[in-house]
Each structure stands twice: as C-alpha cells, then as structure tokens.
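Right, one structure below, let's go through it.
Bear in mind these aren't lab numbers, they're just calculated from the coordinates by the rules spelled out. Remember, it's a predicted structure, so these values are computed and weren't measured experimentally. Please note: Cβ atoms are built from the backbone with ideal geometry, for glycine as well, and neighbour counts cover all protein chains shown.
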Amino acid sequence: MNDDVILEARNLVKEFRTGTGVGPRGAARTFRAVDDVSLELRPGKVTALVGQSGSGKSTVARLMAQLYPLTSGEIRLDGQPTAATRGRAFTRYCGSVQMILQDPFSSLNPLHRVSHVLGRALRIHGNAGADVTEASLRLLERVNLTPPERYLDRFPHELSGGERQRVSFARALAATPRVLLADEPVSMLDVTIRKEMLDLLDRLRRESQLAVLYITHDLGSAEAYSDETLVMYRGKVVERGSSRALISDPQHEYTQRLLAAAPDPRRRLP
C-alpha cells in the first residue's frame, strides 16, 4: 500500500443467501454480489465506480462503509485492518468515512428538522463546540444553503430534492470525514441541478482534500470529475485506469458497450 492511501479495499467478496429454504423452489442459494474487488482511495482524489444496475457498485460502497459484513477480504484504514461494525469503534470509523446515499427523499428522517439532523451528527462526532446552532449554520453555508437560518427549522418535506441532498452533504461533513463514499448522489435529482451538486462535491473535495468514491451510471461525469475509473460487471472489476484514458480508449468489451449505450449529443440520428 502506498503511504498516501487513506482507505483500501482488498479482495472484497460479499455473498447473500437467497431462497426461503422451504420446498424445492425455495431452496437456499448463495449469490455472490461482489467478487474479489480491490481499490484504493487517496486524499484529494476521486475514484469513480461505474457499471449497470446490479453490477455490485453500491454493495462495494456499503462494504467500505462497514454497513455490510464482509464474506471475505479486508478493509484497511490508514494501513490498518478494520472491522468496526458496531459500538464506539464503528463511531470512530464513521468519523473518518462517511457515506452519501442515492435517495435524498428517504435518507433523512421525515420527523426531524434540519437542526436536529445536523446537531445530532455534530454531537456524536464531538464537533459541536460551544454552540451547536452556530456549527450547524456553518455547515449549511458550506453546502450553499443560504441564508442558512432559513433551513434550520425545516422538515425534509419542506425541502426540494436538491436541498435535501445538500443537507445530506452537510450531515456527512459534520463528522469532519477524510473519505466520502458517494453512492449515485445525483441520479435522483433534476437534471438541471446535477452539475451544481457535482461542482459542490468537487469543491468540498478540494477544500478538505477528501478521498472520494463516486458511484455512477454516468460515464461523462466520471470522466469530468474523477481521476480514476473502475468498471464493474457481475460483481467484478473488469477494467480500471485513468478516467480520461479509459473512456477515450476502452479496452474491455463491456466498457465499450457501456459507452456505446450512453447518450451522445454529437451522434446524429439516422
């Protein structure tokens, strides 16, 4: 491992049990969702993980967030193996590694105001300081929710999809993480604000030298916003390389098919 790697996945494997175990049609089976995946996340760098739905991208993110237990493999933080799945060890791990979920409509508790969402995250990670409200306002300003006073007392249903996702970004930043695992953070947002959100993620990455795993279907945004791209197919990484080189000259047949299927405004209709 290179000295500058913050979070490393080594030969990750995740298997899920399927079937009810009752009757011949309900026979229990094992499905391997992630098969021998390795990657490294470095400060100030973005690694994109692309592939079709069901390829295992989100499962990799959840494994690295320690939301799922590993079937086999290893996750290393600062070079040290970690299996912090509960208790104080998990809280400490989350202080370094935060995840932004795909769906801003279900990732926030509808019963809690923004002030509660941010205040709780600040207190859990010991970053509230003397004034929780002031710390919450600073977080809202960082994610371009201004004036921040307008948002503290709002419930999620009073926010747009883009505003909810900005609150999710602020909640992640409350832990002062070193790694962000962004699981398709813009796919459920209006196309007109996707670039704004990706620009925000890029600015936060530069300001705090965050290591970012960016999961996406969008090869164009992977090329524009990431340094390295990994292509997943049926649980395996089938190609990896610098984003610009991989997308301009894909070597694997599956990557070529992904690019051929992507909308291209320069392509003329017959």
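Determine the relative contact order of the chain: mean sequence separation of Cα pairs under 8 Å and six or more apart, normalised by residue count, in whole percent. The value is 25 percent.
In the set (1) 77, 41, 27; (2) 54, 52, 46; (3) 59, 41, 34, the label that goes with Cα extents along the principal axes in Å computed for this structure is (2).
Taking every DSSP bridge with both residues inside the chain, close to 55 percent are antiparallel.
The Ser208 and Arg257 beta-carbon pair, evaluated with R₀ = 30 Å, returns a calculated FRET efficiency of approximately 0.25.
Listing Ile193, Ile100 from fewest to most neighbouring C-beta atoms within 10 Å gives Ile193, Ile100. The listed peptides 224-235, 63-74, ordered by packing as a protection proxy, come out as 224-235, 63-74 (highest mean of other Cβ atoms within 10 Å first).
Return a whole-number percent for the relative contact order of segment 20-134, with Cα pairs under 8 Å and 6 or more residues apart as the contact set. Across segment 20-134, relative contact order equals 14 percent.
Just list whichever of Lys14/Lys45; Lys14/Lys236; Lys195/Lys236 have alpha carbons separated by over 19 Å in the model shown. Pairs exceeding the cut-off: Lys14/Lys45; Lys195/Lys236. Taking each residue as 0.36 nm, the span from Ser248 to Asn109 lengthens on full extension beyond its C-alpha to C-alpha distance by 45.9 nm. Sequence gap at least 6, Cα distance under 8 Å: using those rules, report the relative contact order of segment 185-241 to the nearest whole percent. Taking the mean separation of contacting Cα pairs over the length of segment 185-241, I get 19 percent. Distance between the pseudo-spin-label points of Lys236 and Arg154 (7 Å out from Cα toward the beta carbon): 4.7 nm. Going by alpha carbons, how many degrees (0 to 90, nearest 10) lie between the helix axis of 132-142 and the longest principal axis of the chain? The angle comes out at about 50 degrees. Sorting Arg206, Arg194 from the fewest to the most surrounding beta carbons within 10 angstrom yields Arg206, Arg194. Here the label points at Phe31 and His217, each 7 Å from Cα along the C-beta direction, are separated by 1.8 nm in the simple model.
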